[in-house]
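Let me begin by presenting the structure, written as structure tokens, before commenting on it.
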Amino acid sequence: MKKIKKILLYSLPISFIIFVSIVLFQNIPWNHKYAYIENNNSGSGYIITFFSDRIWHPSNFLSAIFPKTYIQQEKITFPKNSGTVLWKNIPHKMWHYAYTGSAKFNDNTLILDLYVDNTDDNIIDPLWLNGKYILKNEKYVDYRMNDIERKELSNKNPTSYVFNVWIKKLQENIYSWFKDITEQEKMNFIKDDWYKLHFSLETPEDTIFAKDLLLSPVNNNDFYLHSHRFYKSNTYFYENKPLLVSWWYHLHLESVEKNKTKVTVIPIKFELLLGTEDSFPKWKKISFDIPSTSIEEYKILLYIGNRLWTEWMPELKLK
């Protein structure tokens, strides 16, 4: 009995320290020493893929003592692969903050010293990828994608629909329905399929991440949606469990007649998380760009039609 008490006396404090350490330091990345460089086939320059090991957010005491890791990846496009590249020449993704800092190439090595201009909080955050890398002139392949099951739809859902409403009136409605979080909750009318859906809405008058898109004259009636939560996929599965997905969409409005407006939902980015509802870490993800399924696009159209009391819209296809 004394021996058991002695074991508990030492093991409990150690376990507590491990648990606290993981909770406090779970955001610290362990960057891989190799980065993968390839030609940018869709434009000029080079695409470099970086990888980092991270710790899953502990959901209980045992998962804190025996933590599991996951790999996070990031792709950055550089105009050249030699010398110094300043931040202003490094394009950032449309839904991300701009960079500051620089990157220095020397033979087959890269020293990354970039920072993120967080305009929301008015601070400059160091990029989690910063450090020295050895460049490999090849494309990285993550073979875990081979284990992901994709259930194909027999027929695609519509991604556009003509509503019987004046375009300016529909603009006002979409803004009020999608801008307010309380109104967003009403979008979960298909409750079995949505998981904690919340998103941000941008307009041509109020945009941060979609300036190039929304400030184009052909898109002056449009909206840009990007999700803040992840929801269960009806299409992608891993070990027979539905994976979580996140999306970014462009809502294009076009007047076809005086009181008829065509809404087209255009996928900008669709990400799949290699983690399930019980295991994925809060605000951290390993994501892969994947083809859109048409399910999410039509759910948005159904929501708009539901709010407009539109009748006889086709049923949502999930199989």
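Within the range 240-259, the only residue that satisfies the criterion of being surrounded by fewer than 17 Cβ atoms within 10 Å (Cβ to Cβ) and of a type in the set (Val, Ile, Thr) is Val256. Looking only at residues of the range 303-319 that are over 14 Å from Val162 (Cβ atoms) and not acidic (Asp, Glu), we find that the one that is farthest from the chain's Cα centre (by Cα) is Trp309.
Per the listing Lys285, Lys260, Lys269, the residue uniquely modelled with pLDDT under 90 and within 21 Å of Val218 (Cα to Cα) is Lys269.
Determine whether Glu152 is modelled with pLDDT of 85 or more, exposed (fewer than 15 other Cβ atoms within 10 Å of the Cβ) and of a type in the set (Asp, Glu). It is false that Glu152 is modelled with pLDDT of 85 or more, exposed (fewer than 15 other Cβ atoms within 10 Å of the Cβ) and of a type in the set (Asp, Glu).
Taken over the range 217-229, the residue count meeting the criterion of being in a loop (DSSP other than H, G, I, E, B) and modelled with pLDDT under 90 is 2. The residues in the range 104-124 that are acidic (Asp, Glu) and surrounded by fewer than 12 Cβ atoms within 10 Å (Cβ to Cβ) can be counted, and the count is 3. Pick from the range 292-319 the residues that are among the acidic types (Asp, Glu) and surrounded by fewer than 17 Cβ atoms within 10 Å (Cβ to Cβ): which of them is nearest to Lys169 (Cα to Cα)? Once the filter is applied, the top-ranked residue is Glu311. You will find that of Ser59, Ser52, the residue that is modelled with pLDDT of 80 or more and either assigned by TED's automatic domain parsing to the domain that holds Leu127 or out of contact with any helix residue (DSSP H, G or I) (no Cβ under 7 Å at 6 or more places or on another chain) (or both) is Ser52 and no other.
All of Asp117, Asp113 fail the test of being more than 20 Å from Asn40 (Cα to Cα) and at pLDDT 90 or above, apart from Asp113.
The values are calculated or read from the model by the stated rules, or taken from the named source; none is laboratory data. Bear in mind the structure is a predicted one, so any value in this text is a computation, not a measurement. Virtual Cβ from ideal backbone geometry, glycine too; neighbours counted across all protein chains shown.
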